[in-house]
Amino acid sequence: MAIIITGKNTVLEAIKVNHKIYEIYIQKGSNDEILSLATEKQLKIKEMDKFNLNKILPPNNQGIGALVEDYKYQTLEKVLKKDKENKVFVMLDSLEDPHNLGAILRSADAFNVDAIIIPKNRSVKLNATVAKVSTGAIEHVDVVEVTNLTQTINKLKDNGFWIVGTDATTDKTIHDIDVDTNLCVVIGNEGKGIGRLVKENCDYVVKVPMSGHINSLNASVSAALVIYEIYHKKGWLIWLIKNTTTMKLSTSLEKVIMTQWS
């Protein structure tokens with residue numbers, strides 16, 4: 001199948017990663033970078049005036065669109081085989097809004113998430129809206145579609161993952177997440193949150209600490225905050241490991257100096 005994607009960054013990233021592109025539609029006199037790259041890669045291009053372009057593309061297209069091969073899902077087995085320590089997956093329990101999925105993909109790309117996991121049923125799919133909201137991040141983040149989230153959780157546990165749920169009613173916060181392991185963070189549905197069975201199979205559940213009057217956040221905002229907290233803590237942990245020897249030497253040197261001056 002093929003779909004039409006729109007937006008400068010969405011189309012540009014598709015070209016850069018050699019996503020299969022059947023045809024590019026571009027407004028005359030615009031998007032010179034995309035036109036140049038598409039010409040260099042010998043892609044089929046149709047330059048059109050704004051009036052005719054808007055006949056075939058949806059609104060807010062930024063003067064650019066492309067007919068591309070539909071987005072493909074990865075298998076759980078493939079993402080588990082990634083040669084990386086302390087992987088981070090994000091599982092989305094029945095997320096329905098394509099804007100939320102697109103925003104989560106954007107955060108996932110920014111903060112080194114290794115895969116997004118979604119269920120086959122009762123969930124938003126990869127589509128043109130998701131692609132545009134992700135501003136091209138959809139090309140760089142693996143998305144896995146699974147039949148059963150609970151069974152997937154058990155398989156992840158068998159592969160050394162800790163499953164971290166998110167819920168506003170728990171006592172633990174995102175600051176309590178141990179990042180020195182493989183992690184799978186579960187984000188719930190926009191209205192209902194995490195399902196009962198999924199929540200029962202989490203190793204522990206955390207919340208985003210808040211002090212305002214409204215005690216809930218949009219699913220994509222919650223996901224971004226949790227993902228960034230993990231990214232930040234992993235960065236600090238790496239710095240600490242790299243500098244432990246130096247810190248020990250500095251402490252020893254300090255003791256020598258203090259002895260000499262005492």
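The values are calculated or read from the model by the stated rules, or taken from the named source; none is laboratory data. All values reported here derive from a predicted model rather than from experimental measurement. When we count neighbours, we look across all protein chains shown, and the Cβ atoms used for this are built from the backbone with ideal geometry, even at glycine.
I need the full set of residues from segment 164-197 which are hydrophobic (A, V, I, L, M, F, W, C) and farther than 22 Å from Val124 by Cα, in order please. Listed by number, the residues that qualify are Ala168, Ile174, Ile177, Val179, Leu183. Within segment 127-148, the set of residues being under 24 Å from Pro58 (Cα atoms) and more than 13 Å from the chain's Cα centre (by Cα) comprises Asn127, Ala128, Thr129, Lys132. Of Ile26, Ile45, which residue is among the aliphatic types (A, V, I, L, M), in contact with an Asp or Glu (Cβ under 7 Å, 6 or more places away or on another chain), free of Cβ contacts under 8 Å to residues at least 40 places away in the same chain and not assigned by TED's automatic domain parsing to the domain that holds Lys132? After ruling out the rest, the residue left standing is Ile26. When Lys81 is tested against (1) touching a helix residue (DSSP H, G or I) at 6+ places or on another chain (Cβ under 7 Å); (2) assigned by TED's automatic domain parsing to the domain that holds Ile163; (3) basic (Lys, Arg), exactly one condition is not met: (1). For the residues Thr135, Thr150, the requirement of being in contact with a Lys or Arg (Cβ under 7 Å, 6 or more places away or on another chain) and in contact (Cβ under 8 Å) with a residue 12 or more places away in the chain singles out Thr135. Has segment 42-50 got any residue that is touching a strand residue (DSSP E or B) at 6+ places or on another chain (Cβ under 9 Å) and buried (at least 19 other Cβ atoms within 10 Å of the Cβ)? Among the residues of segment 42-50, not one is touching a strand residue (DSSP E or B) at 6+ places or on another chain (Cβ under 9 Å) and buried (at least 19 other Cβ atoms within 10 Å of the Cβ), which makes the answer no.
Looking only at segment 1-23, residues that are assigned to a strand (DSSP E or B) and either touching a residue at least 60 places away in the same chain (Cβ under 8 Å) or not aromatic (Phe, Trp, Tyr) (or both) come to 7 in all. Val68: under 26 Å from Lys233 (Cα atoms) and of a type in the set (A, V, I, L, M), yes or no? No; evaluated as a whole, the condition is false for this residue. Buried (at least 16 other Cβ atoms within 10 Å of the Cβ), modelled with pLDDT of 95 or more and at positive phi: does that describe Gln62? In short, yes. Entry remark, segment 196-215: residues being more than 21 Å from the chain's Cα centre (by Cα) and outside any helix (DSSP H, G or I) number 10 in total.
Within segment 214-234, residues that are farther than 20 Å from Asp176 by Cβ have Cβ atoms under 8 Å from residues that are among the polar types (S, T, N, Q) and buried (at least 17 other Cβ atoms within 10 Å of the Cβ) in these pairs: Asn218/Asn100; Ala219/Asn100; Ala219/Asn189; Ser220/Asn100; Ser220/Ser107, counting only partners at least 6 apart in sequence or on another chain.
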